[in-house]
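The values are calculated or read from the model by the stated rules, or taken from the named source; none is laboratory data. All values reported here derive from a predicted model rather than from experimental measurement. In this analysis, Cβ positions are derived from the backbone assuming ideal geometry, glycine residues included, and neighbour counts consider all displayed protein chains. Note: accessible area is taken over every heavy atom of the protein model, side chains too, but ligands, DNA and RNA are not part of it. Shrake-Rupley method; radii C 1.70, N 1.55, O 1.52, S 1.80 Å.
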Amino acid sequence: MAAGEVATAGSAEQFQRLLQQKERALVVVHFWAPWAPQCVQMNEVMATLAKEHTQVTFVQLEAEAVPEVSEKYEISSVPTFLFFKNSQKVDRLDGAHAPELTKKVQRHVSSTSVPAGSNDSAKEDLNVRLKKLINAAPCMLFMKGSPKEPRCGFSKQMVEILNKHGISFSSFDIFSDEEVRQGLKTYSNWPTYPQLYVAGELIGGLDIIKELEASGELDTVCPKAQKLEDRLKSLINKAPVMLFMKGNKQSAKCGFSKQIIEIINNTGVDYETFDILEDEEVRQGLKTYSNWPTYPQLYVKGELVGGLDIVKELKENGELLPILKGEN
């Protein structure tokens, strides 16, 4: 592969070979799909970056064509970008964010050899990012792994305590971003994980949470969760026509969601969407609540209509528009 070009990995073997190139310290892999216009746009961004950073290996990998690699790295939507150094994943970016992709590439390139005093602006950018993450939800847990799959005993215990008390929280997997993992230790002056924040303020780690639980203060410090069933009912009835999908109206993140949006858009009926990739609790809970195992799911006036196949049938039978208008 010539310098300044984007490589293509058409198989797991090709992917491994590209990761192991010794002459290039950083490898950036774009997991993409040809049906997604945002992926095509990001391929153009990659091509530009490849010309600017000839010391970096840029790779396109069609996510659905090489499923073993996509599954290994838990790629659930496109576009997704993974960053590798010495064949090890060091960073991740989900979504079509060209400025953020450019920043991450520049950060990782400069981190290999940064002259003294030249990283002040990078530190400032990181602090802004950390502040946003800390304030992403009223209660934020920075942990190893996810609430469903904790990857250390302390994180597992923290999740169990929060769940036992019905506390509503969002989480960030510090294994997914080495920069956040190291930066947050300095930012908060707290050297270990997990770390719990409420309203943007650090509460502490597992020992502090255990003390708060023992003293009865935990329930007053942390916000209570709305019951999942009540939350799902509220979401389903948020608009007369509600679509639960991967992505949103402007940027579908799977082929089925893209197709159903095109069909509904052609009816001219107003509708709202909910991105199930943004909320794992809703994603799993709605499957049970509606007894419907896949996405997208379409609701009209709080009632499940069905998924893509049902919507296609209704369209062919001429029944879709009356249903969307609430006439049937």
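In plain terms, the chain from Glu44 to Asn189 could stretch by 48.2 nm, reckoned as 0.36 nm per residue minus the Cα-Cα distance. What shape does the chain take by its C-alpha gyration tensor, where a ≥ b ≥ c are the square roots of the eigenvalues and a/c under 1.5 counts as rounded, a/b above b/c as prolate, and the rest as oblate? It comes out oblate by the Cα gyration axes.
Note on Asp309 and Lys224: the model spin-label points, each 7 Å out from Cα along the C-beta direction, lie 4.2 nm apart.
Note on Asn163 and Glu281: the model spin-label points, each 7 Å out from Cα along the C-beta direction, lie 1.2 nm apart.
Accessible surface for region 229-325, divided over its residues, is 52 Å² per residue with a 1.4 Å probe.
In terms of the Cα gyration tensor, with a ≥ b ≥ c the square roots of its eigenvalues, is region 1-94 rounded because a/c is under 1.5, prolate because a/b exceeds b/c, or oblate? It is oblate, given that a/c is not under 1.5 and a/b is not larger than b/c. Karplus-derived 3J(HN,Hα) values for region 248-265, using 6.51 cos²θ - 1.76 cosθ + 1.60 with θ = phi - 60°, are 9, 3, 7, 8, 5, 10, 7, x, 5, 5, 4, 5, 5, 4, 4, 5, 5, 4 Hz; glycine and proline are entered as x. The stretch between Glu327 and Asn291, if pulled fully straight at 0.36 nm per residue, gains 10.5 nm over its current Cα-Cα span. Short-range pairs are left out: with C-alpha atoms under 8 Å and at least six residues apart, the relative contact order of region 126-221 is 34 percent.
The share of accessible area on the chain that comes from carbon and sulfur is 48 percent, using a 1.4 angstrom probe. In this structure, the amide hydrogen of Phe274, modeled 1.01 Å from its nitrogen in the peptide plane, lies closer than 5 angstrom to those of Leu243, Phe244, Met245, counting only residues at least 5 positions away or on a different chain. Between the beta carbons of Arg17 and Ala239, assuming R0 = 56 Å, the FRET efficiency works out to 0.70 to the nearest 0.05. Across Val56, Val241, Val221, mean-square fluctuation computed from a Gaussian network of the chain (C-alpha pairs under 10 Å connected) peaks at Val221.
Potential lengthening of the chain between Glu64 and Gln182 amounts to 39.2 nm, from the contour at 0.36 nm per residue minus the alpha-carbon distance. Taken one residue at a time, the phi angles of region 56-63 give Karplus couplings (6.51, -1.76, 1.60, θ = phi - 60°) of 9, 8, 9, 10, 9, 9, 6, 4 Hz. Gly and Pro are set to x.
Rounded to the nearest 20, the size of the Cβ-charge dipole of region 256-328 about its Cα centre is 180 debye, with Lys and Arg at +1 and Asp and Glu at -1.
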